[in-house]
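Colleague: Let me begin by handing over the structure; questions about it come next.
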Amino acid sequence: MTRHLARETALQMLFQVDLGQNEAGMTELTVEEAGLAPVYSDFSRQLFREAWQHKEELDSLVSDYCCQWELDRLANVDRNILRLAAYELKYQRETPAQVVINEAIELAKNFSTAESGAFINGILDNIRKAQALVERNAEL
């Protein structure tokens, strides 16, 4: 459950920076307020920092699977859930893809609309499938 809270904290930081309410350095207060154990605070910081650093690449990846939706038209929270999960799917390979997707769905249920979970699930599942295809082709 604490990795879930770390993801939730990372989402809050992404949301704050994306809305322009905070600069990246200011988000440290969000981690401190979460009261996570050091290992989970570090995980949260890493998720935020890396997802934000790879934002353009992740946005492009998510846009490829948004079917008729422009990324800037998505709800801010959905956009940042997708960035966070896309980062984990692409770069944090030690976490199983299904866990990443389930965590993103839970974040959507808690912070977004009733329809967001299914929408996010569809996009992330397509990213997961594409990632698996790339990995299989690399092995050949």
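The values are calculated or read from the model by the stated rules, or taken from the named source; none is laboratory data. Predicted, not measured: the structure shown is a model, and the values here were computed from it. Using ideal geometry, Cβ is built from the backbone for each residue, glycine included, and neighbour counts are taken over all protein chains shown. Ligands, DNA and RNA are stripped out before the accessible areas are found, and what is left, the full protein with its side chains, is counted by its heavy atoms. Shrake-Rupley method; radii C 1.70, N 1.55, O 1.52, S 1.80 Å.
Colleague: So for region 29-36 (the condition being out of contact with any Lys or Arg (no Cβ under 6 Å at 6 or more places or on another chain), outside any helix (DSSP H, G or I) and either modelled with pLDDT of 95 or more or not hydrophobic (A, V, I, L, M, F, W, C) (or both)), does at least one residue qualify?
Modeller: Yes, region 29-36 contains a residue that is out of contact with any Lys or Arg (no Cβ under 6 Å at 6 or more places or on another chain), outside any helix (DSSP H, G or I) and either modelled with pLDDT of 95 or more or not hydrophobic (A, V, I, L, M, F, W, C) (or both).
Colleague: Regarding Tyr40, is this residue under 21 Å from Glu28 (Cβ atoms), in a helix (DSSP H, G or I) and open to solvent by less than 20 Å² (accessible area, probe 1.4 Å)?
Modeller: no
Colleague: For region 48-70, state whether one or more residues are assigned to a loop (DSSP other than H, G, I, E, B) and more than 18 Å from Phe119 (Cβ to Cβ).
Modeller: yes
Colleague: Looking at region 100-113, is at least one residue farther than 29 Å from Met26 by Cβ, modelled with pLDDT of 95 or more, touching a Leu at 6+ places or on another chain (Cβ under 8 Å) and surrounded by 14 or more Cβ atoms within 10 Å (Cβ to Cβ)?
Modeller: Yes, that holds for at least one residue.
Colleague: Among the residues that make up region 119-134, is at least one of them open to solvent by 80 Å² or more (accessible area, probe 1.4 Å) and within 23 Å of Thr9 (Cα to Cα)?
Modeller: no
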